[in-house]
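The values are calculated or read from the model by the stated rules, or taken from the named source; none is laboratory data. Just so you know, these numbers come straight off a predicted model, no measurement behind them. Methodologically, a virtual Cβ is constructed for each residue, glycine included, from the backbone with ideal geometry; neighbour enumeration extends over all protein chains shown. For accessibility, only protein heavy atoms count, side chains too; no ligands or nucleic acids. Shrake-Rupley method; radii C 1.70, N 1.55, O 1.52, S 1.80 Å.
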Amino acid sequence: MLEARHGSAALVQLYSRKDQFGRPDKALKEYTQDFVIGHVGADYLLGREHGRKVVTFMRDPVERVLSHYYYWRSIQENSRGPKLAACLSLRDFLCSDVVAVRSQISNLQVWMFIANIGMLSRHRMACRSFDELFEKAMENASFFDFIGFTESFDKDLAHLNSKYNWGLSSEIDVLNKSPDRKNASELDEETMDLVRGVTRLDRRLYQHVKKQIYPYQFDTGVSDGDTQFSGQ
C-alpha cells in the first residue's frame, strides 16, 4: 500500500533472511528513504537517533500461530519450517523442538518487542522469568509511536493516515491467505491448550497493549467509526 501510494523509491524493504534477525547491513539512520519496512525487532528499531516514527501491527496470538502453520503448509519452499509443517499435524507442529519452528511460534511477538526473532536473544535471556520478559516487552512497546491490530486494520489505518498524512487507499488486498485453515473455534481442547502454551506471553502482551497503550494513541480527531481516507 505504501509502495502504491508513494512509489518504490520511497521504501526500503528489509525482508531477506539475514534482515529478519534485526541486524540489517545499515543502521536505520543511514537510510534516506521515507519508509523502512520489514521483519526487524525492537533492538534495531528503538535507537532514537534515527529520528523516525516507529509503527507496528500486532495480531491475535492464537490466530497468528494457526495462520503461520497453515501458510507454511500451503507454500512450496525447501526451508526447514515449511517442510516440517507439510508433514506434521498441527498438534505435532506445536510440540516441535526444532529451532526453525520454535522461533516462529513460541511467543514471537513478545520476542520482537524484546529484541528480535533470533534464538540468540532467547539464549541470552534464558535466566529471566516470564514476568521479567513481559516487563521488558511492555517497556519497549511503550516507545512505539503507534501500535495497531490486524483485527482493526481499517480503523487503525485511518488513524495512521490522519496522524502522518500517508494518504493510503482504503482498498485492501489480503495477500498470503492460507486455504483450508482451521479457526480456533474448530480446534479440540487439547490442541487449543498447546496453542495457548506457545502464546502465553504473546497473549498477555496483546491484552496489555490493547488496554494500556492502544486507546491513548488516537489524539487525531478521527472517530472510531471513521475509516474514510483523505489521500488519493
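Check segment 78-88 and report whether any residue there is in contact (Cβ under 8 Å) with a residue 40 or more places away in the chain and not charged (D, E, K, R).
Within segment 78-88, none of the residues are in contact (Cβ under 8 Å) with a residue 40 or more places away in the chain and not charged (D, E, K, R).
Condition check ((1) in contact (Cβ under 8 Å) with a residue 24 or more places away in the chain; (2) in contact with a strand residue (DSSP E or B) (Cβ under 9 Å, 6 or more places away or on another chain); (3) in a loop (DSSP other than H, G, I, E, B); (4) of a type in the set (A, V, I, L, M)) across all residues:
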{"position": "Met138", "(1), (2), (3), (4)": "yes, no, no, yes"}
{"position": "Phe144", "(1), (2), (3), (4)": "yes, yes, yes, no"}
{"position": "Ile172", "(1), (2), (3), (4)": "yes, no, yes, yes"}
{"position": "Gly197", "(1), (2), (3), (4)": "yes, no, no, no"}
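Just give me the residues in segment 153-183 being of a type in the set (Gly, Ala, Ser) and either open to solvent by 30 Å² or more (accessible area, probe 1.4 Å) or farther than 18 Å from Arg64 by Cβ (or both), in sequence order.
Correct list: Ala158, Ser162, Gly167, Ser169, Ser170.
So Tyr15 fits all but one of (1) loosely packed, with under 14 Cβ neighbours inside 10 Å; (2) within 24 Å of Tyr214 (Cα to Cα); (3) of a type in the set (Ser, Thr, Tyr); what number is the exception?
Tyr15 satisfies every listed condition except (2).
Can you pull out every residue in segment 29-43 that is open to solvent by 30 Å² or more (accessible area, probe 1.4 Å), part of a helix (DSSP H, G or I) and touching a residue at least 40 places away in the same chain (Cβ under 8 Å)?
Asp43
Inspect all residues belonging to segment 90-104 and state whether any of them is in contact (Cβ under 8 Å) with a residue 24 or more places away in the chain, in contact with a helix residue (DSSP H, G or I) (Cβ under 7 Å, 6 or more places away or on another chain) and either aromatic (Phe, Trp, Tyr) or not in a helix (DSSP H, G or I) (or both).
Yes, segment 90-104 contains at least one residue that is in contact (Cβ under 8 Å) with a residue 24 or more places away in the chain, in contact with a helix residue (DSSP H, G or I) (Cβ under 7 Å, 6 or more places away or on another chain) and either aromatic (Phe, Trp, Tyr) or not in a helix (DSSP H, G or I) (or both).
Does Ala137 fit the bill of being more than 14 Å from the chain's Cα centre (by Cα) and not polar (S, T, N, Q)?
Answer is no for this residue.
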